[in-house]
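The values are calculated or read from the model by the stated rules, or taken from the named source; none is laboratory data. Quick caveat: nothing in here was measured; it's all calculated off a predicted structure. Every residue, glycine as well, gets a Cβ built from its backbone with ideal geometry; the counts of neighbours run over all protein chains shown. These area figures cover heavy atoms from the full protein model, side chains too; ligands, DNA and RNA do not enter into them. Shrake-Rupley method; radii C 1.70, N 1.55, O 1.52, S 1.80 Å.
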Amino acid sequence: MVEVPENSQQMTADTLFDGEVYCSQFRNGYRFSVDAILAAHFHTPAKGEKVLDLGAGSGVIGLIMMHRWKQRIATLRSLELQQELCDLTNRNYAENEFAEKCSCYQGNVKEILNIFKPESFSLVVCNPPFYRPETGRQCLDTQAKIARHQITADIFGFAKGAAAVLKNGGSAVFIYPAEQFVELSSALAAVRLEIKDLQFVYSYPNEQVNAKLVMLRCLKNGGRGVRIKEPFYIYREKNGEYSDQMNRLFAP
C-alpha cells in the first residue's frame, strides 16, 4: 500500500467493482465520469497487447483495463499533460499493485515522439478533452478545465499523436461527443486511422434527441468496412436506474 498523500483532505478514496479497484481523485479537481468507464470497456485487448492510455487523468481507464484483462496486457503506459495528475495516476497504479506493468509519463500529446518511440503500441485508448476553450462548463477549476477543454491540443492533435505511436494494423479507441462525430472522423481519416467499429451512446431508450456520445475503434492503415453496433443506453429510462448494459460494466 502506498502512503496517503499529505494533502489527503483534498482527495477522495473512490472504488470500482465492489471495492476491487481503488482510485484516488482530487476532491475539487478533475474527476472521471461515465465516458472513461465506457471507453475502457469498448475493445477487448488481444493477448500480449502493449497499451497506451492517451490522456490519463487519474488513470481510471488503465485501472479498469488491468482489472479486466491483466493477463492479456503486456504493458500499459499512460500520457498525461498535468504533472499532479500524472503523479496521481502512478500512485493509483501502485495502490492497485499494477505498477509492475503500468506507468504514467508527463507530457504534451504534441510532443509524444519525445516520450515514446514511433509505432511502439498495439492499442491506444483515448478519452480526449471534449470542449473548445470557450464552451462547456466555465466554472471548473484549472485542473479540470485543462483536462476537459482543448486548451493545449484539439482532436486532430490527439488523433495524430495516437497514429504516431501506433504500429501498423494496431487499434485506437476513441470516445467523443456524438454531435462532433464529423470532426472526429475527419481527424482520424487525416492520419490514416480507419474506423472499423462504431457505437452511439444515448442516455435512455426512445430518447427524442441525438446521441450523447460516440465510441469507435479504428485501425492504422485499415481497409474499408465499418461495423455499426447496436445503440448503448446508459439508463433504463429518463431519471431511471442504470441499464443492464451499464450494470455489466460495473460488475466485478
Inspect all residues belonging to segment 29-49 and state whether any of them is part of a helix (DSSP H, G or I) and of a type in the set (Val, Ile, Thr).
-> yes
Just give me the residues in segment 41-60 being buried (at least 23 other Cβ atoms within 10 Å of the Cβ), among the hydrophobic types (A, V, I, L, M, F, W, C) and over 17 Å from residue 100 (Cα atoms), in sequence order.
-> 54, 56
Residue satisfying condition, being at pLDDT below 95 and buried (at least 22 other Cβ atoms within 10 Å of the Cβ), within set 159, 147, 153, 163 | 147
Answer yes or no as to whether residue 182 is surrounded by fewer than 20 Cβ atoms within 10 Å (Cβ to Cβ) and in a loop (DSSP other than H, G, I, E, B).
-> no
Would you please name the residue that is farthest from residue 157 (Cα to Cα), looking only at residues in segment 187-223 that are among the polar types (S, T, N, Q) and without any contact (Cβ under 8 Å) to a residue 24 or more places away in the chain?
-> 206
Inspect all residues belonging to segment 36-49 and state whether any of them is modelled with pLDDT of 95 or more and at positive phi.
-> yes
Exactly one of 238, 220, 212, 196 is open to solvent by 20 Å² or more (accessible area, probe 1.4 Å), under 17 Å from the mean Cα position of the chain (by Cα) and not polar (S, T, N, Q), and that residue is 212
Of (1) crowded, with 19+ Cβ neighbours inside 10 Å; (2) assigned to a loop (DSSP other than H, G, I, E, B); (3) over 10 Å from the mean Cα position of the chain (by Cα), residue 71 satisfies every one except (1)
Tally the residues that are open to solvent by less than 40 Å² (accessible area, probe 1.4 Å) and assigned to a strand (DSSP E or B), restricting the search to segment 223-235.
-> 1
